[in-house]
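The values are calculated or read from the model by the stated rules, or taken from the named source; none is laboratory data. On a predicted model such as this, the values are computed, not experimentally measured, just so you know. Note that we place each Cβ from the backbone using ideal geometry, even for glycine, and neighbour counts take in every protein chain shown. The area values use the complete protein model at the heavy-atom level, side chains included, leaving out ligands, DNA and RNA. Shrake-Rupley method; radii C 1.70, N 1.55, O 1.52, S 1.80 Å.
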Amino acid sequence: KYALPRTVHKLFLRSETERHPTVRSTAVRCLAIAVEHWPNDELEPFIQNFMASIKKQLSGAAPATRRSARMLYENFQKKYPKEAAEVHRRLSPQVLRQMQRESKDNSSRRGK
């Protein structure tokens, strides 16, 4: 339990500062898993960090990082719908269009 804040902090740091897109994408994916599986009371101190990270990573240039960010956003939305709605309101129209396009592309690939 006591290692959790350090772990989350390191993941946020990697997702924000790492130059290599694969490492950033993996860090964001780990954050998505954390949101899905860790208890709310352990995640709540990091809500603002999650919101900022989601917004930034959804706007990123690397497709793999954006995919991981969508996974993080979806998991975050299930646990924290009010906060996820706030993130959604803060996204630029370009990012929203990109999310919609990529979501349709992924849906059509899964259907084949």
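Points to keep in mind about this one:
- Residue satisfying condition, being closer than 19 Å to GLN98 by Cα, without any contact (Cβ under 8 Å) to a residue 60 or more places away in the chain, part of a helix (DSSP H, G or I) and acidic (Asp, Glu), within set GLU42, GLU74: GLU74
- Out of LEU91, LEU72, sole residue that is closer than 20 Å to ASP41 by Cα, in contact with a Leu (Cβ under 8 Å, 6 or more places away or on another chain), open to solvent by less than 60 Å² (accessible area, probe 1.4 Å) and not charged (D, E, K, R): LEU72
- Residue tally, condition among the basic types (Lys, Arg) and surrounded by 15 or more Cβ atoms within 10 Å (Cβ to Cβ), over the stretch 1-16: 1
- Filter result (part of a helix (DSSP H, G or I), within 15 Å of ASN75 (Cβ to Cβ) and open to solvent by 40 Å² or more (accessible area, probe 1.4 Å)) within the stretch 17-39: ARG29, CYS30, ILE33, GLU36, HIS37
- Selection within the stretch 45-62 - surrounded by fewer than 13 Cβ atoms within 10 Å (Cβ to Cβ) and either assigned to a helix (DSSP H, G or I) or in contact (Cβ under 8 Å) with a residue 60 or more places away in the chain (or both): PRO45, GLN48
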